[in-house]
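For reference, the structure discussed in these notes is given below.
Please treat every number below as a calculation from the coordinates, not as lab data. Quick caveat, the model's predicted, so the values are computed rather than measured. Virtual Cβ from ideal backbone geometry, glycine too; neighbours counted across all protein chains shown.
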Amino acid sequence: MSLSSSSPLLSVRNLKVHFPVKNDLFAEKRVVKAVDGVSFDLYPGETLGIVGESGCGKSTLGRAVLKLIPSSAGTVVWLGRPLEDASKSALRSLRREMQIIFQDPLAALDPRMTVGAIVAEPLDTFEPGMAEQDKRARVVEAMERVGLPSHLINRYPHEFSGGQCQRIGIARALILKPKLLVCDEPVSALDVSIQAQIINLLKRLQTEENLALIFISHNLSVVRRISDRVMVLYLGKIAELAERDEIYRNPRHPYTQALLSAVPIADPDKERAKKRVSLTGDLPSPINPPSGCVFRTRCPIVIEKCQSVVPVLEPVTDSHTVSCHRWREAIQLLME
Amino acid sequence: MTVSQEQPGWKTGNQTPLLVVDQLVTRFATPDGSVSAVNGVSFHVNKGETIGIVGESGSGKSQVLMSIMGLLPHNGTSTGSVKFDDREILGMSREQLNKIRGTRMAMIFQDPMTALNPYLTVGQQLTEVLTFHQGTNPAMAREQAREVLEQVHIPEPGKRLDMYPHELSGGMRQRVMIAMGMLCRPDLLIADEPTTALDVTIQAEILDLLAEQQAVTGTSIILVTHDLGVVAGLCDRVMVMYGGRIVEQGPVRDIFYDPQHPYTRALLLSMPRLDDDLSGDLPTIAGQPPNLAQMPPGCAFAPRCAFVSEQCRQAVPPLREIAPGRAKACTLDRLVA
């Protein structure tokens, strides 16, 4: 897909989200650097996959982009307009163009509201004068678009399965025809057979409505299915960002390689013959991240430079950037 | 397609069954009446073998484990037979069971944070197993606990003994659970989604660890998971469950390369993989997993099956042998790939 011709829907520059940590009296002020200097562009109709392990900041990034949580530094530009400068009411009206769906679909729905009322809620907020009849028609249309039979309109969330609840969440998010949908682990709580239905649905809706997606997931196989580009986050920073096929075929960052090689393949011969890049230790605390490269404490090919010099994102190709001092030789070194 | 098992490096296990489950039925009394979670499940586990049980939510896979371990909640009852080392353990008293559980059979759970006691240090929990079951003296037990932590690759094991579960990371807690399970060198280790809550790099380490421990101790493992990739890497034989029944079972390569039940095949196809073809939609299974309280009269998969016939809706197809060591519960003769 050629994306460079159009102008970006969303431009994020050096975004930081730092949360203060409760301090002991007189102790030094400490922060958790959940997102620490992330930049990317998102184009209309594009899907950006964000992958990383728990604690890498992927959900925080998704929320910060929507200004659902305040950022500590950096800018988010929506269609040429910096959101930092937008007034509360301006931000509110922009919100109709950007929506979010969550991991636990049942928890995201009010148990006391009918499906019809849940799906209609964004209309009540943004188009309060709408006639009941028109509203109902819009709700029925939104439900059918996501594969929910409209005769279920008066049912309550607990009467639905997880997959159907996720469809309700998607119908609610799309009823205002947004330009951007942030999907935060939307299929992680679902069974495999249902997961495939929701992935196909999101892909179809995206093509039909030219919707841009930010698809956050820890599941690299799912992200590969749906994304045009993929960002790998580690401890709040971008480790690698590239087009889908490029990152899966030609990963440069040792962390990306470790992640990809750790995914179990549902093929006994391949899985047992597979060579794996193993990491040592656990994710360091984001309160006290390692000096230099944040990945160095777990990196199998760490050198002295990694301790003192923070790596910057370097271009591998026009559409592939990586943040590692040794990206040129990483593949050979790790395969040895 | 014939799939040969004569591959180098594939262990077949010696053929003495350690565990024999026969016609296991597990029911739960609920306010809306009795619900059957397990509907007549039979299988065996050989010594040194790893069995995978695969299924979606409501397939009954976890309840099979809970029934074997005697860990059903108060409203649950099991009938049938579970023989461990030739002894009937279904319906055994708690006292008798406690002599087997922990020493000869151990279980590891999905969520180590809820399975470990938050009030006790890692050391207290580990040594309790030894002092209770084997009457080891406290100093010796502590030394053994330290050793077992070292075996599961926990750094600074001596220091960890004095830590509480909340002071450890998720991966570390799961390793403590495995250490606890392996402490008495059980003959059978039952693992219920042991890596589902973990990040993928940690999952890979934990799976390696299980395989490594098994190679040392010769323990048999029953691994319950929804992740077919995990099964592909670790198991010798696989049972696929749906609606409280085994719908297909066989050696791991047969199940993956020549699935014979429509559900097994659909499940394999619907799972996104790192190496799959991205053109076109991901194949899906229509509809929803079955509601155990309202099971259809025939095959539980019939409402979602692409090959359904009238016969399927009338009676539950029995699990029948289709080749030595392979069985399926389906009326279809042969499913061609």
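Rounded to the nearest 20, the Cβ-based charge dipole of segment A:98-199 about its Cα centre (Lys and Arg +1, Asp and Glu -1) stands at 220 debye.
Residues whose amide H comes within less than 5 Å of that of A:L10, counting only those at least five positions distant or on another chain, are A:L42, A:L79 (H built at 1.01 Å from N in the peptide plane). Taking a straight Cα-Cα cut-off under 17 Å and skipping sequence neighbours fewer than 8 places away in the same chain, the aspartates and glutamates within cross-link reach of A:K135 are A:E121, A:D124, A:E127, A:E144. Sort segment A:115-175 into rounded, prolate or oblate with this rule: let a ≥ b ≥ c be the square roots of the eigenvalues of the Cα gyration tensor; rounded if a/c is under 1.5, and if a/c is not under 1.5, prolate when a/b is larger than b/c, oblate otherwise. The shape class here is prolate.
Shape call for segment B:214-260 from the C-alpha gyration tensor, a ≥ b ≥ c root eigenvalues: rounded (a/c under 1.5), prolate (a/b greater than b/c) or oblate? Prolate, since a/c reaches 1.5 and a/b exceeds b/c. The modelled label-to-label distance for the pair B:E150/A:V312, using points 7 Å beyond Cα in the direction of Cβ, is 4.8 nm.
Calculate the mean, over all residues of peptide A:250-262, of how many other protein chain Cβ atoms lie within 10 angstrom of the residue's Cβ.
Numbers: counts 0, 0, 0, 0, 0, 1, 0, 0, 3, 4, 2, 4, 8.
Other-chain Cβ atoms within 10 Å of each residue's Cβ, averaged: 2.
Among residues other than B:R160 with Cβ under 15 Å from its Cβ, the summed charge is -2 (Lys and Arg +1, Asp and Glu -1). Using helices alone, what [θ] at 222 nm do you get for the protein assembly as shown, with -39,500 (n - 2.57) per DSSP H run of 4 or more residues, divided over all residues and rounded to the nearest 500? So the helix-based figure for the protein assembly as shown works out to -9500 deg cm²/dmol.
Rounded to the nearest Hz, the phi-derived 3J(HN,Hα) couplings of segment A:324-336 under the Karplus curve 6.51 cos²θ - 1.76 cosθ + 1.60 (θ = phi - 60°) are 7, 5, 10, 4, 5, 10, 4, 4, 4, 4, 6, 7, 5, where x marks glycine and proline. For chain B, the calculated P(r) over all alpha carbon pairs, in 10 Å bins from 0 to the bin holding the longest distance, is 5, 24, 32, 25, 11, 3, 0 percent. Per residue, the convex hull spanned by the Cα atoms of chain A measures out at 165 cubic angstrom.
Using a Förster distance of 30 Å, how high is the FRET efficiency between A:E127 and A:S6, based on the Cβ-Cβ distance and rounded to 0.05? Rounded to the nearest 0.05, the efficiency is 0.60.
Dipole magnitude for segment A:245-336: computed about the Cα centre from +1 point charges on Lys and Arg Cβ and -1 point charges on Asp and Glu Cβ, it is near 220 debye. Straight Cα distances below 29 angstrom link A:K275 to the lysines A:K58, A:K237, A:K305, B:K11, B:K47, with same-chain residues fewer than 8 positions distant left out. A simple spin-label model places the labels of B:H74 and A:A117 3.6 nm from each other, with each point 7 Å out along Cα-to-Cβ.
Going by a ≥ b ≥ c, the root eigenvalues of the Cα gyration tensor, does segment B:188-228 fall in the rounded group (a/c under 1.5), the prolate group (a/b larger than b/c) or the oblate group?
Working: a/c = 2.77, a/b = 1.39, b/c = 1.99.
It comes out oblate by the Cα gyration axes.
For A:Y234, the amide hydrogen comes within under 5 Å of the amide hydrogens of A:A239, counting only partners 5 or more places away or on other chains and with H modelled in the peptide plane.
Around the Cα centre of chain B, unit charges on the Cβ atoms of Lys, Arg, Asp and Glu (plus for the first two, minus for the last two) sum to a dipole of about 780 debye. Please turn the phi angles of segment A:128-145 into ³J(HN,Hα) values with the Karplus equation 6.51 cos²θ - 1.76 cosθ + 1.60 (θ = phi - 60°), one per residue in order, whole Hz, x for glycine and proline. Values per residue, Gly and Pro as x: x, x, 5, 5, 3, 5, 5, 4, 4, 4, 5, 5, 4, 4, 5, 5, 5, 4 Hz. For A:H320, neighbours were defined as the other residues whose beta-carbon sits under 15 Å from its Cβ, and their charges (Lys and Arg +1, Asp and Glu -1) total -3.
Near B:M239, the amide H atoms lying under 5 Å from its own belong to B:G52, B:I53, B:V54; only residues 5 or more places off or on other chains count, and H is placed 1.01 Å from N. Note on B:S81 and B:A286: the model spin-label points, each 7 Å out from Cα along the C-beta direction, lie 4.3 nm apart.
At q = 0.05, 0.06 Å⁻¹ the log10 of I(q)/I(0) for the protein assembly as shown amounts to -0.26, -0.37, computed by Debye summation with a single uniform scatterer per C-alpha, solvent ignored.
Computed from the C-alpha gyration tensor, the three semi-axes of the ellipsoid equivalent to segment B:105-183 are 18, 14, 12 Å, from longest to shortest. Rounded to whole numbers, the Karplus 3J(HN,Hα) couplings from phi for segment B:277-289 are 7, 8, 6, x, 6, 6, x, 10, 10, 5, x, 10, x Hz, using 6.51 cos²θ - 1.76 cosθ + 1.60 with θ = phi - 60°, and x at Gly and Pro.
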